[in-house]
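Accompanying notes for the structure given below.
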Amino acid sequence: MRTFEPDSSIVSDIIPSPNHGDRNKGRQPDMIVLHYTGMPDVEGALARLCSAGTEVSAHYVVLEDGRIVQCVPEARRAWHAGVSSWSGEDDINSCSIGIEIVNRGHDWGYPEFPLRQIAAVIALCRGIMLRRKVPAHRVLGHSDVAPARKKDPGEKFPWHSLANSGVGHWVTPAPVVRGESLMLGTISDEVLSLQQALARYGYGVPLTGKYDAATMEVVTAFQRHFRPARLDGVADHSTLSTLQALLGSLPQEATTVATK
């Protein structure tokens, strides 16, 4: 039995989750966070998202065949992002819509995402973006907002296909070539400039001038989303050039001011 009306006309079913609450201070969502379920089967994933006591949920679940299940009304705060941050905000659940994409994830073989599933994700996101006035650059992955903890939706997720349909921010990654790189242990003004650039884009990164483990995690998350050809946490020419191209193509008001 439906306990609420779906927010999207392309929702095929409602399986209500009890795991939600009020958005903090009436914050309206202006971000979409994409996840993979990371479980062996869809039945287990839906049970976890929709069972009391698990303390986890999402607004939508997109199945492999393209069907879309809604679990939490968009007006409510689903519990999908956990400890996370973006552009200075650390209550991502209050400012976002969470979409779980059925995929076994890195711990269970990490299969490709079917085309029908990606088409459904695009259609769902486009509707949310229109309804909620979500700008393209605020369609993000769980790994972007929680780089120390999460890998999803991962390097196989076709962000470029979404961007071609107006969902998400993307530039063609600069090619991977040999050359100077910033890496773990480096202390320099160049490292600080990298950290400031990542922070301007939105990532939560310490501005220390030292290429520490936290910086490496953020660089890896950036690569997973925007330069998936090599995931090594090393800020090579390709990574740095791709980051600068992304910053250069953002609306001016979109960048976060990085401060020491």
Within region 225-235, work out how many residues are open to solvent by less than 10 Å² (accessible area, probe 1.4 Å) and farther than 17 Å from residue 213 by Cβ. 3
Of everything in region 85-101, what is open to solvent by 10 Å² or more (accessible area, probe 1.4 Å) and either β-branched (Val, Ile, Thr) or farther than 15 Å from residue 125 by Cβ (or both)? Give them in sequence order. 85, 87, 88, 89, 90, 91, 93
From 231, 194, residue being closer than 28 Å to residue 117 by Cβ and over 16 Å from the mean Cα position of the chain (by Cα): 231
Scanning region 22-54 residue by residue, those of a type in the set (D, E, K, R) and over 19 Å from residue 69 (Cβ atoms) turn out to be 22, 23, 25, 27, 30
Among the candidates 118, 99, residue that is assigned to a strand (DSSP E or B), in contact with a strand residue (DSSP E or B) (Cβ under 9 Å, 6 or more places away or on another chain) and either farther than 29 Å from residue 237 by Cβ or free of Cβ contacts under 8 Å to residues at least 24 places away in the same chain (or both): 99
Filtered residues of region 179-210 (kept if under 19 Å from residue 88 (Cα atoms) and part of a helix (DSSP H, G or I)): 192, 193, 194, 195, 196, 197, 198, 199, 200, 201
Filter result for residue 29 (in contact with a Cys (Cβ under 8 Å, 6 or more places away or on another chain), of a type outside the set (A, V, I, L, M, F, W, C) and open to solvent by less than 40 Å² (accessible area, probe 1.4 Å)): yes
Where residue 15 falls short, out of the listed (1) out of contact with any Leu (no Cβ under 8 Å at 6 or more places or on another chain); (2) open to solvent by 20 Å² or more (accessible area, probe 1.4 Å): (1)
When you go through 186, 208, 220 one by one, which is the residue that is without any contact (Cβ under 8 Å) to a residue 40 or more places away in the chain and either under 22 Å from residue 154 (Cα atoms) or open to solvent by less than 60 Å² (accessible area, probe 1.4 Å) (or both)? 186
Regarding region 126-134, can at least one residue be identified that is assigned to a loop (DSSP other than H, G, I, E, B) and among the β-branched types (Val, Ile, Thr)? yes
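The values are calculated or read from the model by the stated rules, or taken from the named source; none is laboratory data. Just so it is clear, the structure is predicted and the values come from calculations on it, not from any experiment. We place every Cβ from the backbone using ideal geometry, glycine too, and count neighbours over all the protein chains shown. Ligands, DNA and RNA are excluded from the accessible area calculation, which covers all protein heavy atoms including side chains. Shrake-Rupley method; radii C 1.70, N 1.55, O 1.52, S 1.80 Å.
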